[in-house]
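Computed from the coordinates by the stated procedures, all read-outs in this text should not be read as laboratory data. Source: prediction; values computed, not measured. We place every Cβ from the backbone using ideal geometry, glycine too, and count neighbours over all the protein chains shown.
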Amino acid sequence: MSLQQFDVVIVGAGFAGMYLLHRLRPLGFSVRVVEAGTDVGGTWYWNRYPGARVDIESMQYSYQFDEALQQEWQWTEKYAPQPELLKYARHVADRFDLRCDIRFETRIASASYDEEALRWSLKAEDGSAYDARFVVMATGCLSKPNWPHIKGIGDFAGETYHTAMWPREKVDFTGQRVAVIGTGSSGIQSIPVIAEEAAQLTVFQRTPNYAIPAHNALLDKDYESWVKGHYTEFRDQAKQTPPGIYGRFRVGKALDAKPEERQAEYEERWNAGGLAFMGAYGDLMVSKEANDTAAEFVRNKIRDIVDDPETAEILCPKNIIGGKRLCVDTNYYATYNKSHVHLIDVCDNPIEAITPAGIRANGTNFEIDALVFATGFDAMTGALTAVDIKGKDNTKLGDRWVDGPISYLGLAISGFPNLFTVTGPGSPSVFTNMIPTIEQHVDWITDCINWMSKRDYTFIEAENEAEQAWWDHHQEVAAVGIKTTTESWYLGSNVHGKARVFMPYYGGFPDYCRKCEEIVADGYAGFAFS
Ligand code: N01
């Protein structure tokens with residue numbers, strides 16, 4: 001196959017890749033997006049498991065770069081389900097005529113930087129090759145599935161599924177004995193739906209999780225009209241909050257409130273539902289004692305919902321609330337009241353083996369017909385190091401990051417010139433509403449490439465010192481409070497053998513944006529150009 005040359009090659013056609021293409025093309029750059037899937041949508045293309053839906057309210061989980069787009073699109077539910085999110089991505093691709101510059105069903109295998117030509121050479125698994133001045137990795141934070149380290153993982157003789165690689169056609173579990181391993185967001189969303197079909201459902205839980213009810217419903221038309229009438233203020237206010245989400249965040253301390261006030265506050269937030277529960281007080285992620293008040297509130301809810309006290313106790317998390325990503329559920333805990341749903345605690349005694357007939361755990365053989373891995377992702381770095389990226393001096397990104405990632409603002413990595421990452425490690429990314437965060441990164445990257453082009457610069461590289469200073473700051477911010485006291489995918493501790501380093505930036509979206517703006521105002525301080 002012949003080599004194709006572009007100004008910019010973008011890897012991934014999710015929300016980041018699509019918006020990058022839309023921004024770069026009218027500026028006169030030749031652009032090619034290369035995507036492994038058969039369609040746009042990224043996360044919402046791959047994650048089709050039963051019950052998959054967004055945990056940010058739909059009215060906020062959308063692009064804001066085009067007023068007509070945000071006015072015309074109509075969500076049907078408070079929290080959009082995966083098929084509707086995919087429909088939205090497809091609508092954007094059609095509306096802005098993006099598909100003609102996207103090559104689908106093509107997985108990039110390697111990217112190497114030519115220090116003489118100051119260009120990247122990319123090769124795909126299908127043999128196609130691309131040459132580009134710039135590469136933008138728009139590969140997502142949660143896109144490389146994590147397969148657990150369990151003996152006999154490939155031995156099961158029945159159908160095996162991973163929530164992050166769900167088949168495109170409907171999977172029918174009717175009459176089947178199904179096992180689910182994993183109780184993170186994907187497990188918590190899929191378990192109640194699988195339980196509706198399966199004859200028997202056995203859930204293997206290593207760490208119990210906190211889930212706040214979604215109270216999902218059809219989208220309130222009056223609310224939709226109000227938001228659409230005030231979109232600018234609505235979006236602006238969202239950007240002033242740490243997670244970039246419109247909502248009520250209290251700065252007061254849980255420990256200063258009287259117990260009955262606290263209870264009322266938590267109750268109100270539980271009844272409203274969703275991630276805003278953690279906005280109840282400003283010290284919940286700072287003080288373990290404060291956190292305990294919210295954690296115990298949720299544990300008591302679990303004890304109220306689940307009929308069998310023993311099962312309820314197994315479901316009650318012992319770690320802090322908000323250490324792992326909070327889950328947003330529909331009927332999760334109540335599902336364990338169904339007589340055909342069983343919970344197996346594998347916290348102290350890990351699953352012994354996967355066998356041809358099923359799962360062996362706690363000395364028992366569980367015979368099943370279908371096995372679902374809801375075991376998450378090699379988050380933040382997995383999709384980047386899965387590509388054999390070689391920068392200056394032929395250094396592999398995987399080697400550079402063997403002790404954990406380091407980057408300048410989650411946007412660029414020293415030693416890897418002319419390569420940008422969208423929502424990379426060191427940026428707020430997964431702590432925020434992802435689409436606005438993606439837009440902020442894409443705007444920054446596009447403006448930077450355009451700025452360089454106007455000055456005839458062909459080389460940009462994050463400087464070592466600036467990168468180290470940012471990373472030190474990022475780690476210092478993470479170390480304040482109690483966030484890092486829980487093992488989680490934020491730290492990479494869910495992946496066997498992965499370095500334990502806190503990856504998303506915890507300083508909040510507003511401060512991060514200010515830092516990005518200051519760097520630009522300072523002539524892209526911390527970057528070298530030629
Ligand atoms: O993955 P996870 P996820 N034996 O890593 C368990 C986003 N998301 O796909 O906690 C037994 O959270 C593991 O146990 P432990 C969201 O940001 C969003 O659910 O490591 N169990 C854990 O219970 C989310 O946080 C939505 O002890 C094993 C589970 O597998 C992120 O994606 C929906 C095991 C993995 O949970 C990841 O969520 C879905 C083993 N050997 C996802 N290995 C929305 O709502 C792993 N586990 C938008």
Would you compute, for the Cα atoms of the chain, the largest minus smallest coordinate along each principal axis and list the three values in descending order, in whole Å? 69, 55, 44
Tyr161's amide H: which non-local residues (gap 5+, or another chain) put their own amide H closer than 5 Å, with H modeled 1.01 Å from N in plane and none for Pro or chain starts? Leu371, Val372, Phe373
Can you find, among Trp73, Phe156, Thr375, the residue sitting farthest towards the positive end of the charge dipole of the chain, where Lys and Arg contribute +1 and Asp and Glu -1 at Cβ? Phe156
Simple SL model, points at 7 angstrom along Cα→Cβ for Ala521 and Thr485; separation in nm is 3.7
Given H placed 1.01 Å from N in the peptide plane, which residues other than close sequence neighbours of Phe420 have an amide H under 5 Å from its amide H? Val135, Val136, Met137
Could you pull out every residue, at least 5 positions away or on a different chain, whose amide H is within less than 5 Å of the one on Glu77? Hs are placed 1.01 Å off N in the peptide plane, and Pro or chain starts have none. Leu219
Do you know the relative contact order of region 47-128, to the nearest whole percent, from alpha carbon pairs under 8 angstrom that are 6+ apart? 22
Quickly estimate the mean residue ellipticity at 222 nm for the chain, helices only: each DSSP H run with n ≥ 4 gives -39500 (n - 2.57), and the total goes over all residues, rounded to 500. -9000 deg cm²/dmol
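Suppose R0 equals 45 Å; then what is the FRET efficiency for Asn337 and Asp94 from their Cβ-Cβ distance, rounded to the nearest 0.05?
Values: r = 44 Å, r/R0 = 0.98.
Taking R0 as 45 Å, the efficiency between Asn337 and Asp94 is 0.55.
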Taking the Cα atoms only, what angle lies between the long axis of helix 464-479 and the longest principal axis of the chain, rounded to 10 degrees? 20
Quick one: what are the phi-derived ³J(HN,Hα) couplings along region 351-361, Karplus 6.51/-1.76/1.60 with θ = phi - 60°, whole Hz, x for glycine and proline? 3, 6, 6, 9, 10, x, 8, x, 10, 10, 8
Measuring from its Cα centre, region 75-129 shows a charge dipole (+1 at each Lys and Arg Cβ, -1 at each Asp and Glu Cβ) which, in debye to the nearest 20, is 300
Apply the Karplus parameterisation 6.51 cos²θ - 1.76 cosθ + 1.60, with θ equal to phi minus 60°, to every residue of region 89-101 and state each ³J(HN,Hα) to the nearest whole Hz, in sequence, with x for glycine and proline. 4, 5, 4, 4, 4, 6, 4, 9, 6, 8, 4, 4, 10
FRET efficiency estimate (nearest 0.05) - Cβ-Cβ, Gln237 to Ala109, R0 45 angstrom: 0.55
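If each residue of separation counts as 0.36 nm, what is the full-extension length gain between Gln71 and Glu267 once their alpha-carbon separation is subtracted?
In short, 67.2 nm is gained.
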Can you list the residues of region 247-266 with backbone N under 20 Å from a point 7 Å past the Cα of Asp292, pointing along Cα to Cβ? 253-266
What ³J(HN,Hα) values, in whole Hz, does the Karplus curve 6.51 cos²θ - 1.76 cosθ + 1.60 give for region 185-196 when θ = phi - 60°, with x put for Gly and Pro? 4, 5, x, 5, 6, 8, 4, x, 6, 4, 4, 5
How high is the FRET efficiency from Asp472 to Ala386, r the C-beta distance, R0 22 Å, rounded to 0.05? 0.20
Contour minus Cα-Cα span, Asp403 to Arg514, at 0.36 nm per residue, comes to 37.1 nm
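Going through region 443-530, which GluC sites (Glu not before Pro) have at most 15 other Cβ atoms within 10 Å and a DSSP loop state?
Of the GluC sites (Glu not before Pro), the ones in loops of region 443-530 whose Cβ has at most 15 other Cβ atoms within 10 Å are Glu463, Glu487.
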Which number comes out as Rg/Rh for region 399-488 once both Rg and the Kirkwood Rh are worked out on C-alpha atoms? 1.01
Taking the Cα centre of the chain as the origin and placing charges on Cβ (Lys, Arg +1; Asp, Glu -1), which of Ala334, Ala109, Phe134 is farthest toward the positive end of the dipole? Ala109
Between Cys347 and Ala129, what is the label-to-label distance in nm when each label sits 7 Å out along the Cα-to-Cβ direction? 5.5
Set the bar at 23 Å for Cα to Cα. Now go through Lys324/Lys498; Lys151/Lys318; Lys123/Lys390; Lys170/Lys324; Lys338/Lys483 and name every pair that lies beyond it. Lys151/Lys318; Lys170/Lys324; Lys338/Lys483
Do any trypsin sites (Lys or Arg not before Pro) in region 282-379 lie in a loop, going by DSSP, with at most 12 other beta-carbon atoms within 10 Å of their beta carbon, and if so which? Lys318
Run the simple label-point estimate for Ser453 and Thr174 please: 7 Å along Cα→C-beta, distance reported in nm. 5.5
If you keep only loop residues by DSSP, which GluC sites (Glu not before Pro) in region 59-119 have at most 13 other Cβ atoms within 10 Å of their Cβ? Glu105, Glu115, Glu116
Acute angle (nearest 10 degrees) that the helix 15-24 long axis makes with the longest principal axis of the chain, alpha-carbon atoms: 20
